[in-house]
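Trainee: I'd like to ask some things about the structure below.
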Amino acid sequence: MKPQADESIKGRSGHGLIQIFTGDGKGKTTAALGEALRAHGAGQKVGIVFFDKGGAHYSERAALDKLGVAVAACGRDRLDPSGRFDFSITDEDKQEGEKGLEFAKQMFAQGFDLVILDEINSSVDLKIVALGQVLALLDQKPDNTELILTGRHAPQEFLDRAHLVTEMTLQKHYFYSGVKARAGLDY
Ligand code: ATP
Ligand code: MG
């Protein structure tokens, strides 16, 4: 399929577009982290809001802190000490989602070159965050802020507004062979 040209951005340079990494295969969050690394290396101001990722399980945070990339996280810690994952969606999740949107607004106000909203797609799909609120946020995005939205099940409204959509396709994942998430590789 030949990608359709978007006349509204023809000849455009600099930051300000919307990118989406979605799909069932592995690589969405790590692709966004790769972009963050690259942008940081280019001297750009980078901020990441991790949605639905409370708890201290995520190894990338230590590296981002060392680099000086702005990180804000919201969400409950879904893992109990035995490693069991809590899939329920509670009012607390929704309150945490609101906090995440607030972090994003602050990053918009502070003139970040690149803002990543990690797991925002899945958070909308799971109704942790209201679609309308995210669409309102997208309307507030400064012209020169590049935005990356990650997570499974990106809503059609996001896909319509994006200038890049990459779908990670699941072909194989060791998870289905009983290999549990591994530190430094999966989290
Ligand atoms: P990563 O953070 O590794 O880039 P991701 O952001 O694409 O993964 P998520 O849907 O956010 O994937 O899931 C995060 C975790 O689930 C990671 O530990 C990842 O290895 C694992 N994972 C990714 N895709 C699948 C899949 N299709 N089945 C099972 N586990 C998966
Ligand atoms: Mg992810």
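The values are calculated or read from the model by the stated rules, or taken from the named source; none is laboratory data. Just so you know, these numbers come straight off a predicted model, no measurement behind them. Because the Cβ atoms are built from the backbone with ideal geometry, glycine has one as well, and the counts that use them run over all protein chains shown. Accessible surface areas use protein heavy atoms only, side chains included; no ligands, DNA or RNA. Shrake-Rupley method; radii C 1.70, N 1.55, O 1.52, S 1.80 Å.
Trainee: Net charge within 11 Å of LYS53 by Cβ-Cβ distance, Lys/Arg positive one each and Asp/Glu negative one each, not counting LYS53 itself? If you can, show how the numbers build up before the last one.
Mentor: On the way: positive: ARG61, ARG76, ARG78; negative: ASP52, GLU60, ASP77, GLU96, ASP118, GLU119.
Taking every Cβ under 11 Å from that of LYS53, the sum is -3.
Trainee: Can you list residues whose amide H is under 5 Å from ILE116's amide H, if they're 5+ apart or on another chain and H is modeled 1.01 Å from N?
Mentor: Here the answer is GLY47, ILE48, VAL49, ILE148, since their amide H atoms fall under 5 Å of that of ILE116.
Trainee: In the neighborhood of GLU119, defined by Cβ-to-Cβ distances under 9 Å, what is the net charge if each Lys or Arg adds +1 and each Asp or Glu adds -1? Can you show the working numbers first?
Mentor: Values: positive: LYS28, LYS53, ARG152; negative: ASP52, ASP118.
Net charge around GLU119: +1.
Trainee: Sticking with this one: To the nearest 20 debye, what is the magnitude of the charge dipole of the stretch 87-187 about its Cα centre, counting +1 on the Cβ of each Lys and Arg and -1 on the Cβ of each Asp and Glu?
Mentor: Numbers: 10 positive and 17 negative charges, 81 e Å.
It works out to roughly 380 debye.
Trainee: Using the Cβ atoms and a cut-off under 13 Å, what net charge is assigned to the surroundings of PHE175, where Lys and Arg are +1 and Asp and Glu are -1? Don't skip to the answer; put the middle values down first.
Mentor: Details: positive: LYS26, LYS172, LYS180, ARG182; negative: ASP24, ASP186.
Taking every Cβ under 13 Å from that of PHE175, the sum is +2.
Trainee: Please state the charge dipole magnitude for the stretch 36-99, taken about the Cα centre, from unit charges on C-beta atoms (+1 on K and R, -1 on D and E), reported in debye and rounded to the nearest 20. Walk me through the intermediate numbers first.
Mentor: Working: 10 positive and 11 negative charges, 86 e Å.
Charge dipole, the stretch 36-99, about its Cα centre: 420 debye, nearest 20.
Trainee: Right, here's the next one. For SER122, SER59, give me the order by solvent-accessible area with a 1.4 Å probe, most accessible first, ignoring ligands, DNA and RNA.
Mentor: Numbers: SER122 20, SER59 55 Å².
Per-residue accessible area, sorted high to low, gives SER59, SER122.
Trainee: Another question about this same structure. Which parts of the stretch 145-179 would a label at LEU135 reach, counting a residue when its backbone N lies under 15 Å from a point 7 Å out along Cα-to-Cβ?
Mentor: Counting backbone N atoms under 15 Å from the label point, the list is 155-162.
Trainee: How much length is gained on full extension from ASP6 to ARG78, taking 0.36 nm per residue of separation minus their Cα-Cα distance?
Mentor: On the way: separation 72, 0.36 × 72 = 25.92 nm, distance 3.97 nm.
Extra length available between ASP6 and ARG78 comes to 22.0 nm.
Trainee: For the chain, give the magnitude of the charge dipole about the Cα centre (Cβ charges: +1 Lys/Arg, -1 Asp/Glu; no others), in debye to the nearest 20. Could the numbers behind the result be given before it?
Mentor: On the way: 23 positive and 27 negative charges, 118 e Å.
About 560 debye.
Trainee: Are there trypsin sites (Lys or Arg not before Pro) in the stretch 98-146 that DSSP puts in a loop and that have at most 12 other Cβ atoms within 10 Å, and which ones?
Mentor: Details: sites: LYS99, LYS105, LYS127; in loops: LYS127.
Here the sparse-neighbourhood loop sites are LYS127.
Trainee: Sticking with this structure for a sec: With an 8 Å Cα cut-off and a minimum separation of 6 or more residues, compute the relative contact order for the chain in percent. It would help to have the intermediate numbers written out before the result.
Mentor: Values: 309 pairs, mean separation 66.9, N = 187.
It rounds to 36 percent for the chain.
Trainee: So which of LYS10/LYS141; LYS10/LYS53; LYS66/LYS172; LYS99/LYS172; LYS10/LYS99 end up more than 28 Å apart by C-alpha? Let's see the in-between values first.
Mentor: Working: LYS10/LYS141 19 Å; LYS10/LYS53 36 Å; LYS66/LYS172 33 Å; LYS99/LYS172 35 Å; LYS10/LYS99 35 Å.
Those over the limit are LYS10/LYS53; LYS66/LYS172; LYS99/LYS172; LYS10/LYS99.
Trainee: Taking R0 as 25 Å, what FRET efficiency do you get between GLN171 and LEU17 from their Cβ-Cβ distance, rounded to the nearest 0.05?
Mentor: Numbers: r = 28 Å, r/R0 = 1.12.
Using R0 = 25 Å, I get an efficiency of 0.35.
Trainee: Which trypsin sites (Lys or Arg not before Pro) in the stretch 12-78 sit in a loop by DSSP (not H, G, I, E or B) and have at most 15 other Cβ atoms within 10 Å of their own Cβ? Intermediate results must be reported in sequence, preceding the final value.
Mentor: Values: sites: ARG12, LYS26, LYS28, ARG38, LYS45, LYS53, ARG61, LYS66, ARG76, ARG78; in loops: ARG12, LYS26, LYS45, LYS53, ARG76, ARG78.
Those that pass, being in a loop and sparsely packed, are ARG12.
Trainee: Roughly speaking, to the nearest percent, how much of the chain's 1.4 Å accessible area is carbon and sulfur? Walk me through the numbers before you get to the answer.
Mentor: Numbers: 5600 of 10760 Å².
Answer for the chain is 52 percent, counting heavy atoms of protein chains only.
Trainee: Still on this model: What aspartates and glutamates sit close enough to LYS105 to cross-link, taking a C-alpha to C-alpha distance under 14 Å and skipping anything fewer than 8 places away on the same chain?
Mentor: Hits, sequence-local ones excluded: ASP113, ASP139, ASP143, GLU146.
Trainee: Right, here's the next one. Tell me, what HN-Hα J-couplings in whole Hz come from the Karplus equation 6.51 cos²θ - 1.76 cosθ + 1.60 at θ = phi - 60° for each residue of the stretch 30-39, using x for Gly and Pro?
Mentor: Couplings: 5, 5, 5, 5, x, 5, 4, 4, 5, 5 Hz.
Trainee: In degrees between 0 and 90, to the nearest 10, how far off the longest principal axis of the chain does helix 131-140 point, with axes built from Cα atoms?
Mentor: 40
Trainee: If you take the charge dipole of the stretch 1-61 about its Cα centre, with +1 on Lys and Arg Cβ and -1 on Asp and Glu Cβ, which of ALA32, GLN44, ILE20 is farthest toward its positive end?
Mentor: Of the listed residues, the answer is GLN44.
Trainee: Quick one: work out the % antiparallel among DSSP beta bridges in the chain, nearest 5. All intermediate terms of the calculation are to be shown ahead of the outcome.
Mentor: Details: 1 of 22 bridges.
Counting DSSP beta bridges with both partners in the chain, the antiparallel share is about 5 percent.
Trainee: Which Cα, out of ILE116, ALA162, GLY83, lies furthest along the positive dipole direction of the stretch 76-187 (beta carbon charges, K/R +1, D/E -1)?
Mentor: So the residue furthest toward the plus end is GLY83.
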